[in-house]
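First comes the structure, then the notes that go with it.
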Amino acid sequence: MKEKSQSFSSKRTLVGFVVATSFALLISACSSKDDLPSIKQRVDDFSKEMSSNKNASKMSEQDMAVMKKAAEDLEKTLPDPGLKIGETAPDFTLGNAHGKPVSLYSKLKEGPVVLIFYRGAWCPYCNIQLHALTESLPTFKKHGAQLVAVTPQTPDKSLGQVKKDKYPFEILSDLEYNVAKTYKLYFEVPLELHEFYKKKFGLDIEVYNGKGRLGLPVPGTFVIGKDGKIVAVHAELDYKQRMEPKAILEALKSIK
């Protein structure tokens, strides 16, 4: 019992550290009013903080083997994820954090859309991205653009994010994974990796997605013109890599 208590305390301390560190990084100001935040810089800073945390769980060779196999299997399953530039973005309708149906093409009638797919509120790298995009949104709006986020998590988890972080954009729940599949981003988390996440980090994806739902999207960003054409794409198997706000802005500027 003592060992279990110590393990739980360590995990709780680690979670607290992650939350506090993420918050400090996410509220950091840009160097000037005209600059957009760098997601990569914030991810690098976060990773350095995590690696220097004495309470962080150390990875064993077995742990590394589980993660390596999962990464290799994913690369075989999705060697080239995401729809491509020039393709027409498929329309879809999903419920937002309040249960209201929202369609992509209804948004496109108002202007270009920056469509992002993220893993869930549990992912610190997703949260870094969402905060950076929130800061960048006023600049995107100067080009008539809106931001729409899609996640496999349940609407109540998205609503929690909206209330906590005041996100000023739609977060839509892809509960059947149909949209992630259509955009060629869908994959299933192996059971072995899921059990590893729960044991090592206290992270249960089913708590966010629902019982028996272990599907996730490869993090992806699509810049879509009013005509529905995809003008820029970023979809990487490495979940730490995200499309930079500056790259999104350049794509928006290219839309005629």
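Need at least 2 residues that are in contact with a helix residue (DSSP H, G or I) (Cβ under 6 Å, 6 or more places away or on another chain) and hydrophobic (A, V, I, L, M, F, W, C) per element, so show me which helices (runs of 4 or more DSSP H) inside region 166-240 make the cut, counting only ones lying wholly within it.
191-201
Taking interchain pairs and intrachain pairs at least six residues apart, which have beta carbon atoms under 6 angstrom, with the first residue in region 91-106 and of a type in the set (Phe, Trp, Tyr) and the second not in a loop (DSSP other than H, G, I, E, B)?
Note: pairs meeting the criteria are Phe92/Leu104; Phe92/Val179.
Kindly evaluate Lys163 against the criterion of being of a type in the set (Lys, Arg), over 21 Å from Pro245 (Cβ atoms) and out of contact with any helix residue (DSSP H, G or I) (no Cβ under 9 Å at 6 or more places or on another chain).
yes
Looking at region 144-167 only, could you name the residues that are over 18 Å from Gly220 (Cβ atoms) and among the aliphatic types (A, V, I, L, M)?
Those that are over 18 Å from Gly220 (Cβ atoms) and among the aliphatic types (A, V, I, L, M): Leu159, Val162.
Which residues, counting only those in region 200-256, are of a type in the set (D, E, K, R), over 13 Å from the mean Cα position of the chain (by Cα) and surrounded by fewer than 18 Cβ atoms within 10 Å (Cβ to Cβ)?
Within region 200-256, Lys200, Asp204, Glu206, Lys211, Lys226, Asp227, Lys229, Lys246, Glu250, Lys253, Lys256 meet the criteria.
Report, by residue number, each residue of region 108-140 that is under 16 Å from Lys164 (Cα atoms), touching a Ser or Thr at 6+ places or on another chain (Cβ under 8 Å) and part of a loop (DSSP other than H, G, I, E, B).
Matches in region 108-140: Gly120, Ala121.
Could you please give the count of residues in region 92-107 that are in a loop (DSSP other than H, G, I, E, B), surrounded by 13 or more Cβ atoms within 10 Å (Cβ to Cβ) and among the charged types (D, E, K, R)?
Counting residues in region 92-107 that are in a loop (DSSP other than H, G, I, E, B), surrounded by 13 or more Cβ atoms within 10 Å (Cβ to Cβ) and among the charged types (D, E, K, R) gives 0.
Select from region 40-66 the residues that are in contact (Cβ under 8 Å) with a residue 40 or more places away in the chain and within 19 Å of the chain's Cα centre (by Cα) and write down the one among them that is nearest to Val114 (Cα to Cα).
Restricting to residues being in contact (Cβ under 8 Å) with a residue 40 or more places away in the chain and within 19 Å of the chain's Cα centre (by Cα), the top hit is Lys40.
Anything in region 155-199 that is within 17 Å of the chain's Cα centre (by Cα), over 24 Å from Lys100 (Cα atoms) and among the basic types (Lys, Arg)? List them, or say none.
Lys184
Select from region 185-199 the residues that are crowded, with 17+ Cβ neighbours inside 10 Å and either touching a strand residue (DSSP E or B) at 6+ places or on another chain (Cβ under 9 Å) or of a type in the set (Gly, Ala, Ser) (or both) and list them in ascending order.
Leu185, Tyr186, Phe187, Val189
Please go through region 138-160 and give me each residue that is among the small types (Gly, Ala, Ser), surrounded by fewer than 17 Cβ atoms within 10 Å (Cβ to Cβ) and on the phi < 0 side of the Ramachandran plot, ordered by number.
Gly160
Looking at this structure, is Glu170 farther than 21 Å from Pro112 by Cβ and either modelled with pLDDT of 95 or more or surrounded by fewer than 17 Cβ atoms within 10 Å (Cβ to Cβ) (or both)?
So Glu170 fails the test.
Which count do you get for residues in region 126-137 that are surrounded by fewer than 21 Cβ atoms within 10 Å (Cβ to Cβ) and not β-branched (Val, Ile, Thr)?
2
The values are calculated or read from the model by the stated rules, or taken from the named source; none is laboratory data. These figures come from a predicted structure and were not determined experimentally. Here the Cβ is made from the backbone with ideal geometry for all residues, glycine too, and neighbour counts use every protein chain on show.
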